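A short write-up of the structure that comes next.
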């Protein structure tokens, strides 16, 4: 009964998909350099792996910022085709490639807006470890995490809707617009693994990576309220640099 009530409520307040999480915050500027300040120094003259490259915009930009060679890795054949086409149009195909698997080691791995989506983030880190040369680095930025006001991504009809409403009601509401048959948050396109800051820290602690930097970027308007106690709810971006032992 409660699920039905919540579903009807969602239909009433959100007769169409919300416009949140559409990437408009980066219009007219580099998403890569906004989320990873100084990334050009990390990748210069290096062989770089863009782990979860999507349509390849950041991979192409890393070539332009001085990377020796960039490999874009993704599980989506559709995005890889788009990425390759765009690289050819830009005249960058000789310095970047887009694949579903990687055979050679790389010096730097970049992961942008992926760790809240990986179905098995711990395994993803293990794979990264296996693909890095000794002493290589992983540079990560992702968010929002699960307890952020918009941590539900598409399901963030209003702040914290994904926490206040039942998953069944939200999935049923989404099914009005999507036909992929998803029955859980983790089954939607891209996946949502309900990643929290604490869980991410615990996962890092089980790897052999040295954590050289770990930064929690607060929601800008709520920065004065951001603290150890409120970080799960008021952090916009998690950013870190990891180093593989030599």
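The values are calculated or read from the model by the stated rules, or taken from the named source; none is laboratory data. Remember, predicted model here, so these are calculated numbers, not experimental data. Please note: Cβ atoms are built from the backbone with ideal geometry, for glycine as well, and neighbour counts cover all protein chains shown.
Would you mention how many residues in the stretch 36-56 are surrounded by fewer than 18 Cβ atoms within 10 Å (Cβ to Cβ) and within 18 Å of the chain's Cα centre (by Cα)?
Result for the stretch 36-56: 1.
With (1) buried (at least 17 other Cβ atoms within 10 Å of the Cβ); (2) at pLDDT 95 or above; (3) not in a loop (DSSP other than H, G, I, E, B) as the list, and residue 154 as the residue in question, which single condition is left unmet?
(2) is the only condition that residue 154 fails.
Could you say whether any residue in the stretch 177-191 is at pLDDT 95 or above, surrounded by 15 or more Cβ atoms within 10 Å (Cβ to Cβ) and in contact with a strand residue (DSSP E or B) (Cβ under 6 Å, 6 or more places away or on another chain)?
So far as the stretch 177-191 goes, no, none of its residues is at pLDDT 95 or above, surrounded by 15 or more Cβ atoms within 10 Å (Cβ to Cβ) and in contact with a strand residue (DSSP E or B) (Cβ under 6 Å, 6 or more places away or on another chain).
Can you go through 129, 168 and tell me which one is surrounded by fewer than 18 Cβ atoms within 10 Å (Cβ to Cβ), over 21 Å from residue 54 (Cβ atoms) and touching a helix residue (DSSP H, G or I) at 6+ places or on another chain (Cβ under 7 Å)? Don't jump to the end; show me each part of the working.
Numbers: 129 fails: touching a helix residue (DSSP H, G or I) at 6+ places or on another chain (Cβ under 7 Å).
Selected residue: 168, the only one of 129, 168 that is surrounded by fewer than 18 Cβ atoms within 10 Å (Cβ to Cβ), over 21 Å from residue 54 (Cβ atoms) and touching a helix residue (DSSP H, G or I) at 6+ places or on another chain (Cβ under 7 Å).
How many residues does the stretch 10-24 contain that are under 14 Å from residue 161 (Cβ atoms), under 30 Å from the mean Cα position of the chain (by Cα) and modelled with pLDDT of 80 or more?
Qualifying residue count, the stretch 10-24: 5.
Out of the stretch 219-246, which residues are over 22 Å from residue 206 (Cβ atoms) and surrounded by 16 or more Cβ atoms within 10 Å (Cβ to Cβ)?
219, 226, 233, 234, 236, 237
Being under 25 Å from residue 45 (Cβ atoms), surrounded by fewer than 20 Cβ atoms within 10 Å (Cβ to Cβ) and within 22 Å of the chain's Cα centre (by Cα) is the filter here; which residues of the stretch 70-104 pass it?
Answer for the stretch 70-104, where residues must be under 25 Å from residue 45 (Cβ atoms), surrounded by fewer than 20 Cβ atoms within 10 Å (Cβ to Cβ) and within 22 Å of the chain's Cα centre (by Cα): 84, 86, 97, 99, 101, 102.
Sort out which residues of the stretch 192-217 are part of a loop (DSSP other than H, G, I, E, B) and surrounded by 14 or more Cβ atoms within 10 Å (Cβ to Cβ), and write them in order of number.
192, 193, 194, 195, 196, 207, 209
Going by what's in this entry, would residue 139 be described as within 19 Å of the chain's Cα centre (by Cα), touching a residue at least 12 places away in the same chain (Cβ under 8 Å) and surrounded by 14 or more Cβ atoms within 10 Å (Cβ to Cβ)?
Answer is yes for this residue.
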